[in-house]
Structure formats: structure tokens, C-alpha cells
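The values are calculated or read from the model by the stated rules, or taken from the named source; none is laboratory data. Please read all numbers here as calculations on a predicted model, not as lab measurements. Quick reminder, even Gly has a Cβ in these numbers, built from the backbone with ideal geometry, and neighbours come from all protein chains shown. Just so you know, the surface numbers come from the protein's heavy atoms only, side chains and all, with ligands and any DNA or RNA stripped out. Shrake-Rupley method; radii C 1.70, N 1.55, O 1.52, S 1.80 Å.
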Amino acid sequence: MCGIIGFVGTTPAVPHLLSGLRKLEYRGYDSAGIAIASPTEPDIVIRKAVGKIANLDQAIASHPLEFEGPIGIGHTRWATHGIPSVQNAHPHLSQDGRFAVVHNGIIENFHDLRKQLRELGFEFRSETDTEVLAHLIQLHRADTLIDSVRAALRLVRGTFGIAVVSSCFPNQIVVARRGSPIVIGANETETIVASDVAPIIPYTNKVTFLDDGDIAVLTPGHFEIRSMENTSVSRSETAVDWDPGAAEKGGFEHFMLKEIFEQPEALENCFRGRLLEEDGTAKLSGLRLDPHDIASFDNLVITACGTSYYAGLHGSYAFEQLAGIPTRIEQAAEFRYRNPILSPNAGVIAISQSGETADTLAAVREAARKGATVLSICNIVGSTIAREAGRGIYLHAGPEIGVASTKAFLCQVAVLNMMALLFGRTRRLSNSEGVHIVHALKKLPDLIRSVLEQKDCIRKIAEKYAGCSNAFYIGRGYMYPAALEGALKLKEISYLHAEGYHAAELKHGPIALLDEKVPVVACAPLVPGHDKTIGNIQECRARKSPVIAIATEGDDSIAAFTEDIIRVPQCSELVAALPVVVAEQLLAYYIARFRGEPIDQPRNLAKSVTVE
Ligand code: G6P
């Protein structure tokens with residue numbers, strides 16, 4: 001949520017900051033800004049604009065900077081305190097104009113601090129919580145920038161990832177972290193800092209994640225990390241295996257479409273080295289669990305937010321079906337506050353693409369506090385949830401830039417299926433059952449390719465329904481999470497009201513909303529429960545709703561009940577949701593495109609939600 005960038009090197013900082021901000025824009029995009037410092041200039045120059053980075057480009061083009069400095073910070077915002085406006089956009093300047101701050105997170109005691117600062121004569125130019133930081137740093141100015149920032153942060157309650165430049169202390173950036181990610185990379189002459197890995201990759205593939213309580217000084221090609229108590233801190237480097245082009249659109253019109261089409265390859269990367277055909281099981285070393293540990297779990301709790309939650313719902317079915325372990329799924333925001341009961345032998349699985357979602361992270365901490373074994377499923381290597389859980393599995397899906405999650409969902413489900421297989425093989429599945437599941441998983445990339453080949457057919461169906469205002473998605477069994485995820489995709493990017501419902505539940509209320517203007521997307525491949533779903537489709541048709549069926553190739557019977565059919569290949573029940581979800585992704589994508597919506601950056605959303 002919000003993107004931070006900072007550059008200190010030997011060439012003008014502006015192009016570095018702008019290209020970094022473009023890579024971070026998916027984190028928030030209601031306004032953006034940069035601040036530039038120079039060792040030879042007494043001032044800091046700032047440019048800001050409401051809206052996307054392109055508007056900031058224009059603001060700089062129409063009001064060129066007074067000087068070109070090699071040190072700068074930038075920010076792309078997802079508003080929490082104060083509407084999107086130039087005044088509220090970051091960076092924020094101290095009263096004397098000598099310190100500029102960009103910030104992710106929330107300063108919880110900002111009201112009190114603001115009052116105290118006002119009494120001392122500070123005037124506020126924005127409604128943000130961040131501006132107090134800039135004034136506090138000025139107020140507590142010490143002999144070094146790091147000491148000034150440290151003194152200010154001691155007064156602050158809440159969460160932050162910050163970057164600070166100052167014309168009093170040229171040649172450096174100071175960054176600090178408590179609760180919001182800060183990642184640093186350096187090559188010989190340049191040091192770059194950001195709120196995630198993507199903007200750093202063009203400079204180096206070796207990145208260092210700050211821990212909570214770390215504060216660091218960045219100079220050209222070098223950085224030093226210290227603690228809030230001013231002791232020296234050493235953090236290990238993480239090697240990132242993304243190629244720099246992975247965060248580019250690569251000829252696709254949108255990141256989302258590119259990421260939909262990357263899914264077969266993402267699944268191949270996710271499976272690589274993990275499926276053991278002969279033994280009919282999976283090898284997931286990152287879990288650091290031996291068979292005895294796995295056998296000792298008496299229940300599992302899966303926790304996550306958004307799309308990751310729906311992947312978790314699928315996982316909860318798989319764990320019960322394959323491993324016979326009672327498994328419940330809980331929204332992370334509920335888990336953290338509800339004081340959930342965790343037995344001593346509970347395993348908690350936290351799922352998060354970004355590994356930074358505030359509620360999921362808090363759930364991880366709560367589960368650890370209660371003594372559960374915490375396992376993570378994350379995409380971002382070295383992210384906070386992955387590090388704090390200590391044991392877990394990475395998706396290896398590559399960077400996901402489109403705000404609406406696509407390839408991460410598929411890989412999350414793939415990982416959960418592999419885990420359920422491993423747990424099942426340790427507990428009750430036979431070798432031949434395991435081999436059958438390994439085969440089903442291995443086929444997935446090709447099955448997904450065959451769905452992608454139908455994009456033109458799906459686009460035609462999308463065109464037909466692009467003008468509607470409401471839609472339902474229905475399914476049962478593994479198709480229930482698929483229905484929820486399909487509806488979420490449509491809501492996120494097309495702004496249509498869509499609801500995912502269990503196919504049988506529809507008649508307990510929502511069926512009252514059905515008529516000829518409300519299409520129903522029925523997730524109806526040939527899996528157990530298919531005949532019952534057909535019955536539910538009939539109920540919708542009887543209310544005149546047009547039905548778009550996602551059905552198995554060769555299932556001719558379905559044509560009698562629906563006018564629009566998207567075909568998915570025949571596959572085993574455990575993996576059948578994935579081709580269905582890919583069809584839903586394409587449907588949502590093309591509907592949003594026909595409606596002319598900004599697909600990669602939908603209004604009001606952010607890719608990584610680091611506030612609760
Ligand atoms: C945001 C994103 C969703 C995502 C959710 C959880 O709301 O817009 O796409 O599913 O956060 O994110 P995570 O990184 O924890 O999977």
C-alpha cells in the first residue's frame with residue numbers, strides 16, 4: 001500500500017525515481033511526488049501531482065526542476081488520511097523546507113503530535129499523518145540525519161516505512177521500518193531503496209530487507225543498518241531470481257492479461273523439483289516438517305485475505321479430503337481480534353502473495369504467540385510474513401503487478417494441493433492415490449494453455465454481457481471457491497456488482513434478485529456434484545437469468561440449459577477449479593476492457609494492503 005522509492009548515486013535522480021515509481025504504481029496510484037536534494041544546493045525541490053505517475057511526468061515537464069540532484073525520494077499514494085490532492089501527496093516537507101519525508105503506514109498518535117507541534121508554532125499544509133514526521137525531524141534535529149530521524153521516530157506510535165532526505169545533511173538518505181516493508185539494494189555507485197523488490201531489480205538482484213526497528217543510512221553504492229538503540233545491525237542479502245523484464249508488460253496491453261497468460265509457466269516454476277512421481281508425493285523442504293511433525297497436527301487453520309483467502313478455502317477442502325485433517329479457514333482480520341482457539345497441535349497456514357498484508361501478518365503473530373506451528377505460503381521472497389513464519393513455501397510465480405491477483409491464485413492453489421498431498425501421503429493416502437494426484441498436478445500447465453486458447457470465444461461472451469450491472473457466480477464443492485474468486489475478479493476490475501454464491505445457497509435469499517438482466521456464471525465442469533449444479537442452473541433459468549456455463553469439453557448435455565458455454569478440459573476434481581478460474585479471469589478482463597476500465601489499477605484498490 002503506497003510505494004516508496006529512494007535513489008542516491010552519481011547521476012540525476014529524477015529518471016531513476018520516475019522509473020521506480022512506475023514499477024510501484026500498482027501499490028497505490030491516487031497521487032505521486034518526488035523530492036530532490038543536491039550536495040551543492042541549500043534547498044530541496046519537490047514536484048507532486050494528483051493521479052498516476054504520467055501526471056507527475058507532466059508536472060515535471062511543465063515545471064522543470066530548479067536543479068538536478070543525485071539524491072531523491074518518491075512516493076505513489078493510496079490515501080488513508082486526507083483525500084487525494086497535491087497538498088496531501090508525499091513527499092512532505094518540514095516547516096523550514098530542509099527535510100522531506102515519504103511514508104507508508106499509519107502514525108496512530110498523529111492527532112496528539114499535531115496538536116503539540118501546532119502549540120510550538122508549526123503550521124500544517126496537509127491533512128496527512130505523515131507531515132508530523134517531517135516537522136518532528138526538524139524539531140529534533142541532531143548532529144546527523146540518522147540521529148534526527150531516530151529522535152523523531154521515538155515519539156511515534158503506529159507503523160511506518162519511511163525515507164528521508166535533507167538539505168542539511170546532503171549525500172544521503174535515511175530509511176526506517178516498523179511494520180511497512182523497506183528493501184535496499186546497491187551496486188558500485190548507486191543505492192536504491194523501495195517498498196518492494198521490483199524497482200531494485202534493474203540495479204542488482206541482491207536485496208536486503210529491513211526488519212522492524214531497523215534504521216539505515218544510504219550513500220552512493222553503500223548502506224549501513226543500525227537499530228533504534230544505535231547499535232550496528234547486520235541483515236542477510238536475499239538473491240532474487242526475477243529477470244528485469246518480468247516487471248514489464250512484454251507486449252501485452254495490460255499486466256493482468258500478461259499475468260493470465262503467464263500462468264502455465266508460473267505453475268511449471270511452482271511445481272519444479274517438488275513433485276515426486278515415483279513416491280506419489282511432494283517435496284516441500286521449506287516447511288521443515290518431518291513425517292512425525294506432520295502426523296502430530298490434529299487440526300489446521302488457514303488464514304488470509306482477498307483472493308488468497310479463496311485459495312485457502314480451496315486448500316481447506318483439499319486438506320480434509322486428502323489428509324483427513326480437520327481444517328478451517330478464517331479471514332485474517334477476524335483471526336487477529338477474535339481470540340481464536342488453537343489446540344497445542346494446531347498448524348496455522350498463512351497465505352499472502354505479497355507477504356506484507358497487515359491483517360495476515362497480525363494473524364501470523366497471534367498464532368505464533370499462541371504456540372501454533374506457523375507455515376507461510378508467499379510469493380515475495382524475503383517478505384515479512386515469510387520471514388516471521390520461518391517455515392513456508394514460495395510460489396515462484398514471478399512478480400504480479402496487476403492489482404487483481406491471477407497467477408498468484410493459481411500457484412497458491414497448486415501449493416496447497418501439494419501440501420495436502422504431502423500431508424495425505426504421510427497420514428493415509430496410498431502410493432497409487434498419490435501418483436494419481438501427482439499426474440493430475442503435472443497436467444495442469446497444459447490444461448491452462450487450452451483454456452487460454454479460447455480467449456476469442458470468451459471475449460465474444462464478454463462483449464454480450466459487458467453492459468449488465470449485476471451478476472452471480474455459483475458453484476459447489478471446489479467450484480464454490482472458484483465462484484467466489486470469479487465474482488471478486490469481476491468486481492475488482494469492471495466495477496460490476498457481482499456475488500459469488502454456493503449454488504445451493506442461492507435459493508435462500510439471493511434468488512429474489514434474479515431476472516433476465518442478471519446473468520449467472522455457473523461453474524459446472526464434470527466433477528462430483530455436477531448434476532446438482534445443473535439443478536441449480538435450472539432454478540436460475542426459471543427466473544429468466546441468462547446462464548454462462550463453464551463446462552467440460554464434450555459435456556453436450558449442458559447445452560440444453562444454457563446459451564453461452566465456455567469449455568474447460570476434463571480433469572480430476574482436485575485441480576478442476578483452476579481451468580475454471582482462468583476462464584473467469586479472461587471473462588472479467590474482457591468485460592472490463594469493453595467497459596473501458598483501467599484494468600491494472602482499479603479505483604480504490606491497492607495491490608498490497610499494509611493497513612488493517
Ligand atoms: C489486496 C489485493 C488483492 C489480494 C489481497 C491479499 O486486497 O488487491 O488482490 O488478494 O490484498 O493480498 P496478499 O498479498 O496477502 O495475497
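Residues that are over 23 Å from residue 210 (Cα atoms), in contact with a strand residue (DSSP E or B) (Cβ under 9 Å, 6 or more places away or on another chain), open to solvent by 10 Å² or more (accessible area, probe 1.4 Å) and part of a helix (DSSP H, G or I) within segment 19-60 comprise 55, 57, 58, 59, 60, listed in sequence order. Sub-6 Å Cβ pairs linking a first residue in segment 583-612 that is without any contact (Cβ under 8 Å) to a residue 60 or more places away in the chain to a second residue that is within 12 Å of the ligand (Cβ to nearest atom), at least 6 apart or interchain, number zero.
For the subset of segment 449-497 comprising residues that are more than 25 Å from residue 309 (Cα to Cα) and hydroxyl-bearing (Ser, Thr, Tyr), which member is most open to solvent (accessible area, probe 1.4 Å)? Among those residues, the one meeting the criterion is 469.
Can you confirm whether residue 381 is within 21 Å of the chain's Cα centre (by Cα), more than 11 Å from the ligand (Cβ to nearest atom) and open to solvent by less than 10 Å² (accessible area, probe 1.4 Å)? Reasoning before the result, please.
Details: within 21 Å of the chain's Cα centre (by Cα): yes; more than 11 Å from the ligand (Cβ to nearest atom): yes; open to solvent by less than 10 Å² (accessible area, probe 1.4 Å): no.
Taking the combined requirement at face value, the residue does not satisfy it.
Scanning segment 484-523 for residues that are touching a residue at least 24 places away in the same chain (Cβ under 8 Å) and either more than 16 Å from the ligand (Cβ to nearest atom) or among the acidic types (Asp, Glu) (or both) yields a count of 24.
In this entry, residue 395 is excluded by the filter for residues that are among the aliphatic types (A, V, I, L, M) and farther than 25 Å from residue 185 by Cα. In segment 445-499, which residues are within 25 Å of residue 271 (Cβ to Cβ) and of a type in the set (Asp, Glu)? 446, 453, 485, listed by residue number. Can you tell me which residue in segment 346-364 is farthest from the ligand (Cβ to nearest atom), limited to those that are over 28 Å from residue 401 (Cβ atoms) and in contact with a Lys or Arg (Cβ under 9 Å, 6 or more places away or on another chain)? Ranking the candidates gives 346 first. Just so you know, in segment 397-427 the residues that are open to solvent by 10 Å² or more (accessible area, probe 1.4 Å) and more than 15 Å from the ligand (Cβ to nearest atom) include one that is nearest to residue 361 (Cα to Cα), and it is 422.
Taking segment 274-312 as the range and being under 30 Å from residue 606 (Cβ atoms), away from the ligand (no atom under 16 Å from the Cβ) and free of Cβ contacts under 8 Å to residues at least 60 places away in the same chain as the test, only 300 passes. Restricting 583, 551, 592 to those that are within 16 Å of the ligand (Cβ to nearest atom), modelled with pLDDT of 95 or more and surrounded by 24 or more Cβ atoms within 10 Å (Cβ to Cβ) reduces the list to 592.
Being within 18 Å of the chain's Cα centre (by Cα) and under 19 Å from residue 478 (Cα atoms), is that true of even one residue in segment 600-612? So that I can check it myself, show each step before the final result.
Going through segment 600-612, the residues within 18 Å of the chain's Cα centre (by Cα) turn out to be 600-612.
Keeping just the survivors that are under 19 Å from residue 478 (Cα atoms) gives none.
Within segment 600-612 (the criterion being within 18 Å of the chain's Cα centre (by Cα) and under 19 Å from residue 478 (Cα atoms)), the answer is no, since none of the residues qualifies.
Applying a threshold of 8 Å to beta carbon distances and a minimum spacing of six or more residues, or different chains, the list of pairs starting in segment 370-383 at a residue that is farther than 30 Å from residue 401 by Cβ and ending at one that is more than 9 Å from the ligand (Cβ to nearest atom) and part of a strand (DSSP E or B) reads 372/301; 372/346; 372/347; 372/348; 373/346; 373/347; 373/348; 373/391. Residue 575 satisfies every condition listed in (1) more than 16 Å from the ligand (Cβ to nearest atom); (2) under 30 Å from residue 265 (Cα atoms); (3) touching a strand residue (DSSP E or B) at 6+ places or on another chain (Cβ under 8 Å); (4) open to solvent by less than 20 Å² (accessible area, probe 1.4 Å) except (3).
Here is the figure for segment 324-344: residues that are in contact with a helix residue (DSSP H, G or I) (Cβ under 7 Å, 6 or more places away or on another chain), modelled with pLDDT under 95 and more than 16 Å from the ligand (Cβ to nearest atom) total 1.
Can you list the strands (runs of 3 or more DSSP E) found entirely within segment 96-191 that contain at least 1 residues being among the polar types (S, T, N, Q), buried (at least 18 other Cβ atoms within 10 Å of the Cβ) and at pLDDT 95 or above? Show your work before the answer.
Working: elements: 99-104, 160-166, 173-178, 183-186.
Fully inside segment 96-191 and qualifying: 160-166.
Just the residues that are farther than 21 Å from residue 500 by Cβ and without any contact (Cβ under 8 Å) to a residue 60 or more places away in the chain, please, taken from segment 313-328. Listed by number, the list holds a single entry, 326.
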